[in-house]
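Have a look at the structure below, then the notes.
The values are calculated or read from the model by the stated rules, or taken from the named source; none is laboratory data. Since the model is a prediction, treat every value here as computed from it, not as a measurement. Because the Cβ atoms are built from the backbone with ideal geometry, glycine has one as well, and the counts that use them run over all protein chains shown.
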């Protein structure tokens, strides 16, 4: 039995769809959700619905009982995520889950002083807890979803520029759907025990590259300007905007080269080349 946590979220639901497309019977898939009401789309597909909450340890142990493969999708509550993850690993151990597949994060060496620490702390600790637990596990180190790129760069067609404190740093991205497809492959095939996969692109790009690609696609001139962190924060305050600290941390980490990780792991798992960033940008900014 496969159990997918965060099954109502984009990543979890996509992974379930790819499992079904890959021939896994719905009767062999369970979905952990907090609200049965919001899981109607999964019920229609024949997926077994299990109620559970990352903050409710007892519900986790009950949900994990009898599970062969657990897709542990990392939590989104950054303030409580570390303690939640500790409970999930402990519950998986108590329930004797046979194999835990964890969606971690892709980054280079990160310390408590790193701008990426808010995002990375739970991932680093969870990976360590899984290794120490003795549980069979697979670490999926997910990079930034390419889908998020438009959010990061803002309304470039209106402003005519990408204005981010990312310096000359490069980032390697892939579509969320391709990461979910590769995750379904790990869940439905053998040979992945105690392995680590980098779910990133095969190439890395700077925002100068991205500005050029958008310019070529739209025939508008898009510039890239990299302010200091202080200048960037001040510019947001002046227009009454804000950006979540975890996202700003990712951008600042890019400037330091922490997101410049390239790998062929995704391509091997899905069996084809990844969607190029140029194709993605053409689709988003087509005129």
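What the table below lists for this structure:
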| item | result |
| --- | --- |
| Which listed residue, of 166, 91, 120, is surrounded by 15 or more Cβ atoms within 10 Å (Cβ to Cβ), out of contact with any helix residue (DSSP H, G or I) (no Cβ under 8 Å at 6 or more places or on another chain) and either outside any strand (DSSP E or B) or touching a residue at least 60 places away in the same chain (Cβ under 8 Å) (or both) | 120 |
| Odd one out for residue 250, checked against (1) in contact with a strand residue (DSSP E or B) (Cβ under 8 Å, 6 or more places away or on another chain); (2) at pLDDT below 95; (3) crowded, with 19+ Cβ neighbours inside 10 Å; (4) assigned to a loop (DSSP other than H, G, I, E, B) | (4) |
| All positions within segment 94-109 that are assigned to a loop (DSSP other than H, G, I, E, B) and more than 30 Å from residue 172 (Cβ to Cβ) | 95, 96, 97, 98 |
| Conditions (1) touching a residue at least 24 places away in the same chain (Cβ under 8 Å); (2) farther than 24 Å from residue 113 by Cα; (3) more than 18 Å from the chain's Cα centre (by Cα); (4) in a helix (DSSP H, G or I): number failed by residue 232 | (2) |
| Lone unmet requirement of (1) modelled with pLDDT of 95 or more; (2) assigned to a helix (DSSP H, G or I); (3) more than 17 Å from the chain's Cα centre (by Cα); (4) surrounded by fewer than 20 Cβ atoms within 10 Å (Cβ to Cβ) for residue 130 | (4) |
| Single condition residue 85 does not satisfy, out of (1) crowded, with 22+ Cβ neighbours inside 10 Å; (2) in contact (Cβ under 8 Å) with a residue 60 or more places away in the chain; (3) under 20 Å from the mean Cα position of the chain (by Cα) | (2) |
| Test: residue in segment 170-188 that is exposed (fewer than 14 other Cβ atoms within 10 Å of the Cβ), in contact (Cβ under 8 Å) with a residue 12 or more places away in the chain and more than 16 Å from residue 276 (Cβ to Cβ) | no |
| Any hit, segment 1-22, residues being crowded, with 19+ Cβ neighbours inside 10 Å, on the phi > 0 side of the Ramachandran plot and touching a helix residue (DSSP H, G or I) at 6+ places or on another chain (Cβ under 8 Å) | yes |
| Qualifying residue in segment 220-229 (condition: within 22 Å of residue 119 (Cβ to Cβ) and not in a loop (DSSP other than H, G, I, E, B)) | yes |
| Segment 138-160, residues that are over 16 Å from residue 266 (Cβ atoms) and part of a loop (DSSP other than H, G, I, E, B) | 154, 155, 160 |
